1. Checking the condition closer than 18 Å to I38 by Cβ, open to solvent by 40 Å² or more (accessible area, probe 1.4 Å), in contact (Cβ under 8 Å) with a residue 60 or more places away in the chain and in contact with a Gly (Cβ under 7 Å, 6 or more places away or on another chain), which residue from I171, I208 passes?
2. Just wondering, is there one or more residues in region 50-63 that are open to solvent by 10 Å² or more (accessible area, probe 1.4 Å) and within 17 Å of the chain's Cα centre (by Cα)?
3. With open to solvent by 20 Å² or more (accessible area, probe 1.4 Å), in contact with a Phe, Trp or Tyr (Cβ under 9 Å, 6 or more places away or on another chain) and at negative phi as the only criterion, which of V143, V159 stands out?
4. With the requirement that a residue be free of Cβ contacts under 8 Å to residues at least 40 places away in the same chain and within 25 Å of W31 (Cβ to Cβ), what does region 111-151 give you?
5. Could you tell me which residue of region 174-194 is farthest from L113 (Cα to Cα), considering only residues that are in contact (Cβ under 8 Å) with a residue 24 or more places away in the chain and buried (at least 17 other Cβ atoms within 10 Å of the Cβ)?
6. Being under 11 Å from the mean Cα position of the chain (by Cα) and of a type in the set (D, E) is the filter here, so list the residues in region 75-90 that pass it.
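The values are calculated or read from the model by the stated rules, or taken from the named source; none is laboratory data. Keep in mind the model is a prediction, meaning the values are calculated, not measured. Cβ: placed from backbone, ideal geometry, glycine included. Neighbour counts: every protein chain shown. Just the protein is used for accessible areas: all its heavy atoms, side chains included, with ligands, DNA and RNA removed. Shrake-Rupley method; radii C 1.70, N 1.55, O 1.52, S 1.80 Å.
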Amino acid sequence: MSIKKHIPNTITCCNLISGCIATYWALCGVWDLALLFIVIGAVFDFFDGMSARLLGVSSPIGKELDSLADDITFGFAPSAIIFDFLKSGMEYLPWHYLSYTAFIMAAFSALRLAKFNLDERQAMGFIGLPTPANALFWGALLVGAGDWLQSSPYLYYTVFAGMLVSCYLLIAEIPMFALKFKHWGWKGNEIKYIFLLTCIPLLAFLGISGLAAIIAWYIILSIATYKK
């Protein structure tokens, strides 16, 4: 039995394990470590597909396993961070069970991944917000600006509303660009180059919160250039 055919699925399982660890730290209230393991999961997610293509061992089971792993790392783990955030403001919320609504995002992430597996329009771009981008946004936002967001009861409601908006964006029929290049010229890649050039100052000036700003900028650019 060839070992190489198991390499992509092994990498995918490392993504899933990273998501489990991220969820543990999220529920412990250590959001920075949760974000770290979401990022580690994203790295594994990048390399599992690449290794499958390079080794020529893509398989249906690998595709299904990838979606299951992604829902843990990019659906359940960020939902757990939002849950822990909302739970910390129970005295501000009308009923403490509201914090459990954070896991709605895990369900919408699963819907997004299922749609992606069946949608043949997403070879060079995305329809709806990619789950890794959504996870990185929420992880970076709450790690970078969590103390400020906990300073007012109104900001808890803002996070709750933002979570619902992101659930919509995950399954929305809105094309969003991917950083895939058919050529390296400016023409046809304008939006991608503008996006990449603006990422550097956002990270430099905003730190961890800059990652959330980058994802927000990505969404704005995608919507602004959306042509029906």
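1. Values: I171 fails: closer than 18 Å to I38 by Cβ.
Exactly one residue qualifies, and that residue is I208.
2. no
3. Numbers: V159 fails: open to solvent by 20 Å² or more (accessible area, probe 1.4 Å).
Every option except V143 fails the conditions.
4. Passing the criteria: D147, W148, S151.
5. Taking region 174-194 as the starting set, the residues that turn out to be in contact (Cβ under 8 Å) with a residue 24 or more places away in the chain are 174-178, 180, 182, 191, 194.
Going one step further and asking which of them are buried (at least 17 other Cβ atoms within 10 Å of the Cβ), we end up with 175-177.
Values: P175: 15, M176: 15, F177: 17 Å.
Applying the filter and picking the extreme gives F177.
6. Narrowing region 75-90 to residues under 11 Å from the mean Cα position of the chain (by Cα): 75-79.
Scanning region 75-90 gives no hits.
Results for (1) modelled with pLDDT of 95 or more; (2) among the aromatic types (F, W, Y); (3) touching a helix residue (DSSP H, G or I) at 6+ places or on another chain (Cβ under 9 Å); (4) closer than 18 Å to F76 by Cβ, shown as yes or no for each residue.
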site	(1), (2), (3), (4)
T23	yes, no, yes, yes
C28	yes, no, yes, yes
W31	yes, yes, yes, yes
L35	yes, no, yes, yes
V39	yes, no, yes, yes
D45	no, no, yes, yes
A52	no, no, yes, no
S59	no, no, yes, no
